[in-house]
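Take a look at the structure below.
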Amino acid sequence: MTHEFKEIIEAYHVAKQQGIPAVMATVVDVEGSSYRRPGVGMLLLQNGQTRGAVSGGCVEKEVFRQSISVFKTGKPKIMTYDGKYRLGCEGLLYILIEPFSINTTTINTIDTYLKKRKPFEIISFYNKIENHNEGLGSYIKFDKETFTFSKNVLSDGQSKQFQRELLPCFRLIIIGEEHDASKLSELANATGWQVEVVCSSKSNKQIDDFRGAENIIYQAPEELHVENIDDQTAIILMTHNFAKDLLYLQALKDTSPTYIGLLGPARRREKLLSAFIEYFPDVQDDFLDKIHGPAGLNLGAETPQEIAISIIAEILSVIRNQDPISLSNKKGAIHDDRINKGINIDALNT
C-alpha cells in the first residue's frame with residue numbers, strides 16, 4: 001500500500017499548492033469479505049478529483065457523496081458500506097472520512113522516509129457507533145515525530161485503534177538490457193513497484209528504453225553498487241549471458257534481497273550455482289534460498305509479456321508467503337485476517 005500512499009501525497013502536494021481542500025477516506029475495519037484490506041486509502045479533492053480507491057470502483061461514488069459533509073463541517077466521520085445489500089458481497093466496510101491538511105514539513109518528512117526506504121506508521125482512531133463522531137482521526141508516526149492528518153485527532157478514550165506499518169515501496173532491480181527486460185520493467189511498474197535497471201557500463205541504452213523504470217544504472221559486475229537492498233527488494237538476473245549473470249550474482253552475495261530470479265532452464269541454474277559456490281564455498285544458505293530459477297510460475301508463458309507476468313506472480317507469492325493455487329480452490333477468505341496493533345494514546349504528540 002505504500003506506493004498508493006506515495007501517489008496520494010504527490011497528488012495532495014499539487015492540490016495544496018493550488019489551495020484545493022482535501023479529504024482522506026480510509027478503510028479501517030471490515031466484517032466479512034472485501035475487495036481490499038483495511039488500510040487502503042483514497043484522497044478526495046473538493047473540485048471532484050480523486051486519487052486512489054478503497055475498493056474495485058463500486059464504493060467510491062458513495063464515499064465521495066459522504067465526504068461532502070466533511071468538506072462542509074471540517075469534522076471526521078465514519079461511514080459504513082454493506083456490500084451484502086448493494087453488491088451481493090458479504091463484506092461490511094467501515095470507512096473513516098476525515099479532513100486532510102498536512103503541512104510542508106510533514107510532506108518533506110514522508111518524502112525523506114520514502115527515499116531512504118525507512119518504514120513509518122499510520123494510526124487511525126475510529127468507532128462503529130452510529131452517529132458517534134467523537135475521537136476520530138489519523139496521524140503519521142515517524143521515529144521521533146508524529147504529524148496528524150488534521151487538527152481533529154483527539155481520542156475520547158472509547159475509540160478503536162487501527163495501526164498499519166508502511167514498509168518501503170517494493171522495488172524490482174532488473175539486471176539486463178534486452179527486450180524482455182523492457183517488458184518486465186513496464187509490467188512491474190504497472191504493478192506499483194519501483195523499478196531500477198542495471199546495464200553494462202558500455203551500454204547505449206537510455207531510461208526511455210525501459211518504460212516504467214525510475215532509474216538506470218550503468219555498472220559492470222565488478223563495479224556494482226546498489227544502495228538499500230532490503231527485504232522489500234527483488235532482483236532479476238537477465239543479461240542472457242552466463243558469465244555476466246555469474247559475475248553479477250557474485251557481486252550480490254553480501255546483499256539481502258527477498259528474491260533473486262534467474263532466467264533459463266533448471267540445468268543452467270544448477271551450472272550457475274555450482275560455479276558460484278565453487279568461488280564462494282562459505283556462502284550463507286539464506287542467500288542461496290532466495291535464488292529462484294527458472295524464475296516465474298508455471299503459467300505456460302511464451303511471450304516476453306507473459307514471461308514477465310509469470311515472474312511478477314512468483315515474486316508476489318514469495319513476498320506474501322503464499323502457495324499459488326486457483327482462488328476457486330482456496331478455503332476460507334481471499335485475504336487473511338489482519339490484527340490491529342494497539343498503541344499508547346499518551347504517545348500522541350500533536
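Once you divide the Cα radius of gyration of region 171-319 by 2.2 N^0.38 Å, the number left is 0.96.
Order of Glu223, Glu178 from fewest to most other C-beta atoms within 10 Å?
On the way: Glu223 11, Glu178 14.
Least to most surrounded, the residues fall as Glu223, Glu178.
Annotation: lysines with alpha-carbon distance below 19 angstrom to Lys183 (same-chain offsets under eight excluded): Lys205. Summarise the long-distance tail of P(r) for region 173-217 by giving the % of C-alpha pairs beyond 15 Å. More than 15 Å apart: 26 percent of the Cα pairs in region 173-217. Dipole magnitude for region 171-319: about 360 debye, using +1 per Lys or Arg Cβ and -1 per Asp or Glu Cβ, origin at the Cα centre. In the chain, Cα pairs under 8 Å separated by at least six residues give a relative contact order of 12 percent.
Helical content alone sets the calculated 222 nm signal of the chain at -9000 deg cm²/dmol, taking -39,500 (n - 2.57) per DSSP H segment of four or more residues and averaging over every residue.
Projecting the Cα atoms of Leu93, Ile175, Ile107 onto the charge dipole of the chain (Cβ charges, centred on the Cα centre) puts Leu93 farthest toward the positive pole. Would you mind telling me which residue in Val198, Val283, Val54 has the biggest mean-square fluctuation in a Gaussian network model of the chain, where springs connect alpha carbons within a distance under 10 angstrom? Its mean-square fluctuation being the largest, the pick is Val283. For the set Lys118/Lys253; Lys116/Lys290; Lys61/Lys331; Lys16/Lys75; Lys6/Lys128, the pairs lying more than 21 angstrom apart at their alpha carbons are Lys118/Lys253; Lys116/Lys290; Lys61/Lys331; Lys6/Lys128. Projecting the Cα atoms of Ile122, Ser138, Thr233 onto the charge dipole of the chain (Cβ charges, centred on the Cα centre) puts Ser138 farthest toward the positive pole.
Determine, for Cys58, Cys169, the number of other Cβ atoms within 10 Å of each Cβ, and report the residues in order from fewest to most.
Working: Cys58 15, Cys169 19.
Least crowded to most crowded, the residues run Cys58, Cys169.
Across all Cα atoms of the chain, the radius of gyration (one decimal) and Dmax (whole number) stand at 22.8, 69 Å. Counting only DSSP beta bridges whose two residues both lie in the chain, roughly 65 percent are antiparallel.
Quick note: the coordinates plus some simple rules give every number you see, no bench work behind them. The model shown is predicted, which means the values in this text are computed figures rather than measured ones. Glycine also receives a Cβ, built like all others from the backbone with ideal geometry; neighbour counts cover every protein chain displayed.
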